[in-house]
Amino acid sequence: MTIFDSTSRDHDQPLSGESIPSLLDELAVARERIRALECRVTGAASETEESPPGSDDRLRTLLGNLQELILVLDADRLITDVAGNCMGLLGYAASELHGPGVQVDVLQFFDADHRGVVREQFAQAPLHPQGSVRQVRIVDRAGEGRWVECTLVPLYDEAEQQLTGVQLILRDVSDRVRAEQMMHALNQAAAAVQKASFSLDDVIEAATGLLCDLGLNSGVGLYTSDRSEIEWVRFCGDARFLQTVEMLRGQSVPTSLQDMELLWERLGEGYPAVVHMDAPTITGITQDPLLARQIAQLLGPMTGIVVPLRAEAHDLGYLVVAASWLDEGSLPAIQAYANQTAIAIQNSRLIGLLAESEMQYRAIFEAARDGLFVMDTAGRVVAASLTTCQLLATGQNAMVGRNVETLFSVSLQEIASCCQTGMRDDDSGTVLAQAFPDRGEAFPVELRGSYILFDGETHLMVLITDISERIRAQEALIQSERLSALGQMAGGIAHDFNNILVSILGYVQMAADDAPTNARRLLEDLAQIEAGARDAAEAVSRLQALYRETDDVSDLVPVQLDDVVMDALALHKPRWKDIPQFQGVTYEILTRLSGPPQVLGNPGELRRALSNVLINAIEAMPEGGTVTFESWHQGSDTFILIRDTGYGIAPEILPRITEPFFTTKRGSGLGLTVTDNIVKRHGGKMVLDSAPGKGTSVTISFPCYDAGEGVRRRISEVTPETVSVKLNALVVDDEPRVRAVLERVLQRQGHQVKTADGGAEGLAALQEHRYDLLICDLGMPGLSGSVVMQRAHAMDPAMPIIVTTGWGETVTPEEMREMCAVALLAKPFGQEDVRRAVAEALDKTASS
């Protein structure tokens, strides 16, 4: 990398196109100088002819004061006249160069390596009537070489127009050439610094070492981390310079540049400073006159240049360069070198930070408790942590190159989708999948990720979280909540059953009394008994709903949320009415239900979700209050709002309200956690809004059920009047009273009925005779009802089968298909329930 624009030229080489403009400018300047000198010489000669004796001496004196040396040469390059700074440039007096008997060829004063350039310049003189310019080295009488600008102008005989000789003008340009050479050398040194090792020590060693190779003493000082002082990290130079450094280090010398009054004023403004290392200056630094004189004597004449090291607007420290021949003209070269050194130091620090960051990243990568792997955009693993390999039961070498679609149950596109917006704290940037280890069974994981640059290209870093324990914990939480709800309901259901039994027993006894004398009152008594029995059946049905499996999705049916609300209120009526009233506390339940569109859901789970919210609302109002249920429809969603007038929730607690085990009161802290999980499982959202003293509102939304999507109706809409055929039915049940009821009901509806008291007797009856309908109990000793129905279907696939059970709420459509049953008759049942089940069975069998 070139940082200096060197203007030095090697005159033994042909001129390049870039150097021609500079050469023409120099030639023009030389021409003007030659003209001026000619005018002065001509004027002096004219004055000599007209002036009195002694004027020639004055002319000689005038020409002798010129800084340039003017030589007049004949055609053989012999000196015929001399004027100007002859002694200063060559060390000879004019009389030693020309005069009677003196013949001096001017070529002897040029460096042997440059005489060819001068010969060529003489040979081409006729081609340059206005003069030519070369930069060459001359050697003086003492053997010391110096650079001069050699201007050669041809001289002609005015009468015959023939070349008679040349006029040679020499101007000392040693200082300029030395600066150019130093610039060139420092340019090469700076390039070497840039190529140095990336470590800070290597960069500083290269920077000072290269200066030492150029005959320059140097030192580098860097700011400490708090920028209060300068720490001199390296010095390099000759023995005298290094000895001086040791002498200063042995003294109590201030290291803060603010104490160096001679330097700080200029350096503090970001400018370099030139310091002449004499005794007064050194005394100002050391505050010790005796030590200062010793150092000045040791160093001899020396000039120091202090340059700030600055990169990207950051002050890093200072570079000190010292030598006997430095002056202010050396500043540009030293400043440029310092700039490149500062850039190299800054780069080394950045690379050091990068290496440190990479080490930290690698440590975090390997120490993470969750798995981490990096893959390219084609889905190939390029790096994997030890935890990842342990999770997937494979080695790190075997992991690299694997396609992620062989490791997880999701596609590359699904994994990439969780990396679109980087790693987030919520669940919106996660993908649930099954991981396939090389050994062992698949297990559930959660994937989330972020796009990163890896080896200069875009890759995806994916975090793997094993959620097996979380799922087991959630299942345990739900089971715990279910049992808790069951315990809470036990007292209420017992209370309800006691009330129902009082009604049934009372009306049965009154019916017995009314039967002989008052038929109308007998019918009224029987109606009350039937109503009580149905209330008891409904209570049992609500209790059974608690036992439906949470992962059973086959029961997702169209549900009216208004019905779920009413069921939840009925389930917990003792909690919000009977028990509080006994304690003198009153709760008011307001329902503003608008009959919104149905949703697709599990009725039992939805009841649990709303029950949990209702219980929380009641607990937030220990002295009583109002709970309002509202439903409405907006867009493609159905909404349920539960609002209470309780004490509300503090803002700092509200974001954590659905966290497992988080609670501000007695209890498990699981209610809203379970509710949130149920809502999410149904594709819904739950939003809580609360403020202290203003109550709490819970808004739950679910996608509306689209009947056009076609979910098979669970209950046929066939009316009882559509059934007119008389059937030969077989009833199989181990309960005599149930068999008797079914037999009488079916006979009253016009059917012929045969009964069997168990599975074996039922199968024997089916082998002896063909029946039009089979009604079979599910739970029986010996052969279970499911086995009886499967064997009966194998005997006669066209025969419709109805299953009866006291656990009707928990029987799923999949279980119905496994049992080969086409209709369900849930216990307890009435005559119309039997008629509807028979109609449904016939309808489904005919349509299949």
Apply the Karplus parameterisation 6.51 cos²θ - 1.76 cosθ + 1.60, with θ equal to phi minus 60°, to every residue of the range 396-406 and state each ³J(HN,Hα) to the nearest whole Hz, in sequence, with x for glycine and proline. 5, 5, 6, 6, 5, x, 5, 8, 5, 6, 8
Non-local residues with an amide H under 5 Å from the amide H of G317, with H modelled 1.01 Å from N and Pro and chain starts lacking one, are Y223, L309
List, in order, the whole-Hz ³J(HN,Hα) value for each residue of the range 640-656 obtained from phi through the Karplus relation with A = 6.51, B = -1.76, C = 1.60 and θ = phi - 60°; use x for Gly and Pro. 10, 10, 10, 10, 10, 10, x, 7, x, 10, 5, x, 6, 8, 3, x, 9
Collect residues whose amide H, placed 1.01 Å from N in the peptide plane, falls under 5 Å from the amide H of T164; neighbours closer than 5 in sequence don't count. L155, Y156, D157
Could you calculate the FRET efficiency of R380 with L432 from 1/(1 + (r/R0)^6), where r is the beta carbon distance between them and R0 is 30 Å, rounded to 0.05? 0.85
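What does the highest-first list of 450-456, 403-409, 672-678, 636-642 look like by mean Cβ count within 10 Å?
Working: 450-456: 11.9, 403-409: 17.1, 672-678: 22.7, 636-642: 19.3.
Packing proxy ranking, top to bottom: 672-678, 636-642, 403-409, 450-456.
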Please work out how much length the chain gains when fully extended from S417 to L290, using 0.36 nm per residue of separation minus the C-alpha to C-alpha distance, in nm with one decimal. 38.0 nm
Which GluC sites (Glu not before Pro) in the range 605-651 sit in a loop by DSSP (not H, G, I, E or B) and have at most 11 other Cβ atoms within 10 Å of their own Cβ? E623
Give, as a single signed number, the net charge of other residues whose beta carbon lies under 13 Å from the beta carbon of V698, with Lys and Arg counted +1 and Asp and Glu -1. -2
Spherically averaged projected area in nm², based on the convex hull that wraps the Cα atoms of the range 62-177: 7.7 nm²
What does the extension gain come out to for Q67 and K844, with contour length at 0.36 nm per residue minus their alpha carbon separation? 267.2 nm
With all protein chains modelled, accessible area of L326 [1.4 Å, Å²]: 10 Å²
Report, by chain and number, residues whose modeled amide H sits under 5 Å from the one on T80, excluding near sequence neighbours (fewer than 5 apart, same chain). V72, L73, D74
F436 neighbourhood, Cβ < 14 Å, K/R = +1, D/E = -1, net charge -2
Residue by residue through the range 199-211, which ³J(HN,Hα) values in whole Hz follow from phi under the Karplus form 6.51 cos²θ - 1.76 cosθ + 1.60 (θ = phi - 60°), with glycine and proline marked x? 6, 4, 4, 5, 5, 5, 5, 5, 5, 6, x, 5, 5
Largest first, what is the accessible-area ranking of W807, W576 with a 1.4 Å probe? W807, W576
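The values are calculated or read from the model by the stated rules, or taken from the named source; none is laboratory data. Every value quoted in this text rests on a predicted model; they were computed, and no experiment measured them. Because the Cβ atoms are built from the backbone with ideal geometry, glycine has one as well, and the counts that use them run over all protein chains shown. Calculation scope for accessible area: heavy atoms of the full protein, side chains included, ligands and nucleic acids excluded. Shrake-Rupley method; radii C 1.70, N 1.55, O 1.52, S 1.80 Å.
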